[in-house]
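The structure under discussion appears below in the form of structure tokens.
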Amino acid sequence: MSILVPTLAWTLAQYLRWYDRPRLPAWLTLANPVVDITAVTASMAGYGLTQSATLALKSPMFLAYFVILAARPVTSSTRRAAGAAAFDGRGICGARGFFVVQRGVSFAASPLAAATGTGIALLDEGAKLLLLGVAGAIATYATAWHERLAVAYARAARERELLEMRLTRAQLESLKNQLQPHFLFNALNAITALIPTDARAAQRTVHGLSELLRLSLNSSAENEVHLDRELELLGHYLGIQRLRFQERLTVRVAIDPGVRRAFIPNLLLQPLVENAIRHGIGPRAAGGSIDISVTRHEDSVRLRVADDGIGARLSAHHGLAREGVGLGNTRARLQHLYGDRHRLTVITAPGAGFASGDRLALSDMTPSPTPPTSTPAAARRLRALIVDDEPLAPWPAPRALGGDSDVEVIGECGNGEDAVAAIDRDRPDLVLLDIQMPELDGFGVVRAVGVERMPAVVFVTAHDEHAVAAFEVHAVDYVLKPVDPERFAEAVRRAKRRIAAPVGGAGIPRR
């Protein structure tokens, strides 16, 4: 009892102190095996002192040392596992040395004689120590393998997170460029000029502009889309640009019918065409032409965007003197998505135009595999908390979530202080968070809780200037008021995918 009670008390104290913490202190991974090994060694010593030292050495109690080592791979680091194995060996050697020296345990000539007599066999004890050493080495190796696997998984998760951030940045950059005053001014001016002369053309242009903005705002979080979907967005963009440049811009598009249902990276073509217009055709008084082609060649899809504009300056090594954000993001996204199964080439020279070509591996007409979602997270209902200092009637969150059988609204808060307390107390899976609130705003709530401990967040606000900052704190989505129900439903679906397969941050664990 003198050994069992303190050991159970130590276990209970850990439960009460750290059960609701997302992470345990690192020193526990070494303290726990030390306590367990000490308890087993003390139990053997107590049995030997009060009963028979020989029977204590022959008892199967030493198997507990193997059990302690077996738990190392999933509960410790490599260094701590090796330390626990060494301490394990010292524990069993110390117990046997104590009994031999202090209690006068005798040695038998053979294992058979030891089994029927009162002594112990050196061969038996040596075999036990050898097996324990082998078990310690295996536990250390298994821990190192598990640690490498965890590091590789964390690195892959981080790369997926960076890829999603690059996709989001590309979406925001595309929207920003489309909404720049010069672009909108020219588009609206062209529409105004068309109204008295060609009302149908003006109507088509307004529709094209609205479709372009809608597709940009409602782009899904998928890394790949059908080529037809990418061409639809590109068509709306080119329609607006033709109004601006008129006869100064000629665009020729050649698409192989066999690849129209192929998957390509989302927002791949438009940034390349936009660069050609802005940096190749725009600076020329005479304008120019752009050739866009997508073909299938054996097991790959080839995309090419070429212009006859002013070209780009080359470095001393005959490469681009400076690679812009759009081309750099495109190159990085292709590397993350396809690895060595793609090739991005650039051909240019001052006054000789600019051509970019992508060659993507194509094994079938399906998107790149998405990591499987976790069944337990996907199966249970998500618990959502709504935080907004204004009346909630103007936006459809309660109504939309109330009709979603997979989401349960667990509470509503009217200010940031109450939100922090509710998140700490109720530990929701999803927080629908307003930004501008008195005293403690939405970003203050995230800082108070901690980015790593914050549940999945969808910012719902009337202010668009905080979008970049929102994604810097790993927000799932950014929805503007007045909230469109379809846009809001997409944000909730995106949150479900993030919660089912998180790409970064531990989140707050459920009680």
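Taken together, the values in this text are just the output of simple stated rules run on the coordinates, not laboratory data. These numbers were taken from a predicted model, which means no experiment stands behind them. Reconstructed Cβ throughout: ideal geometry from the backbone, glycine too, with neighbour counts over all protein chains shown.
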Between the modelled labels at residue 410 and residue 211 (7 Å from Cα along Cα→Cβ) the distance in nm is 4.4 nm
Given 264-276, 32-44, 474-486, 281-293, the highest-first ranking by average Cβ count within 10 Å works out to 264-276, 32-44, 474-486, 281-293
Ranked output for segments 151-163, 336-348, 411-423 by mean other Cβ atoms within 10 Å, highest leading, reads 411-423, 336-348, 151-163
Placing each pseudo-label 7 Å from Cα in the direction of the beta carbon, residue 426 and residue 16 end up separated by a distance in nanometres of 2.9 nm
Once both label points are put 7 Å beyond Cα along the C-beta direction, the residue 285-residue 128 separation in nm becomes 9.9 nm
By the mean-Cβ-within-10 Å protection proxy, highest first, 133-141, 382-390 rank as 382-390, 133-141
So for R0 = 25 Å, FRET eff. of residue 493-residue 462 from the Cβ-Cβ r, to 0.05, ends up at 0.65
So the FRET efficiency between residue 31 and residue 66, C-beta based with R0 = 22 Å and rounded to 0.05, is 0.65
Per the rule of 0.36 nm per residue minus the C-alpha distance, extending residue 298 to residue 344 adds in nm 14.8 nm
